[in-house]
Amino acid sequence: MLDYDIDLDEEWETTPQADNEAPIYTSGNPIADMINLGKTLAECKAKKKVLESQATELENTIESMSIILHRMIRSSGLENLNISGVGLVSPTIKKYPKIVDQDALKAFFKKHELMDLMKLTIHPKTLKSWLESSELPELSNPSSIGLSVYEKKSVSIRKGK
């Protein structure tokens with residue numbers, strides 16, 4: 001195995017390539033260029049991994065805070081909260097239905113003449129959209145028609161002027 005002593009602070013020139021090709025960095029020593037580029041790539045991947053981990057932690061914090069704020073606004077009896085410098089904070093509930101009994105759901109759709117929604121499969125977004133827009137009384141108990149519904153509670157924030 002060959003070892004090269006490489007100066008990572010060395011300035012590189014970019015050789016113009018076709019638009020779909022990555023530029024080739026040249027310092028005059030192709031092995032040094034490959035080593036430098038390999039090290040830089042490894043550093044970038046390591047930084048990306050750290051940032052992704054931080055983003056995941058931040059998403060978890062945001063979700064927890066959103067659930068708590070949702071509960072606080074609802075329990076106070078308010079419909080929304082206008083926060084200066086932030087905007088209008090409104091509690092929201094997003095429903096994510098899942099078919100657990102396809103026969104019961106088919107029977108329900110037939111009864112209410114909704115078979116145009118039913119194909120061999122129902123796309124999850126179609127089912128979600130229909131559930132959110134429907135006002136049928138049977139939907140107060142989704143399990144009776146073969147659905148289970150996960151409700152994600154959060155808040156939405158619209159920036160104020």
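If you take the beta carbon distance between THR92 and CYS44 as r and set R0 to 35 Å, what does 1/(1 + (r/R0)^6) give as a FRET efficiency, to the nearest 0.05?
0.40
Below 8 Å, C-alpha to C-alpha, sequence gap of six or more: please give me the relative contact order for segment 34-161 in percent. Intermediate values should be presented prior to the final figure.
On the way: 127 pairs, mean separation 46.4, N = 128.
With pairs under 8 Å counted, the relative contact order is 36 percent.
Which whole-Hz ³J(HN,Hα) couplings does segment 144-149 yield from phi under the Karplus relation 6.51 cos²θ - 1.76 cosθ + 1.60, θ = phi - 60°, glycine and proline marked x?
Karplus-based 3J(HN,Hα) across segment 144-149 equals 5, 10, x, 10, 10, 10 Hz.
How much length is gained if the chain between ILE67 and LYS125 is pulled fully straight, taking 0.36 nm per residue apart and subtracting their Cα-Cα distance, in nm to one decimal?
18.6 nm
Values in this text are rule-based calculations from the coordinates and carry no lab data. Because the structure is predicted, anything quoted here is derived from the model rather than measured. Positions of Cβ are generated from backbone atoms using ideal geometry, with glycine treated the same way; all protein chains shown enter the neighbour counts.
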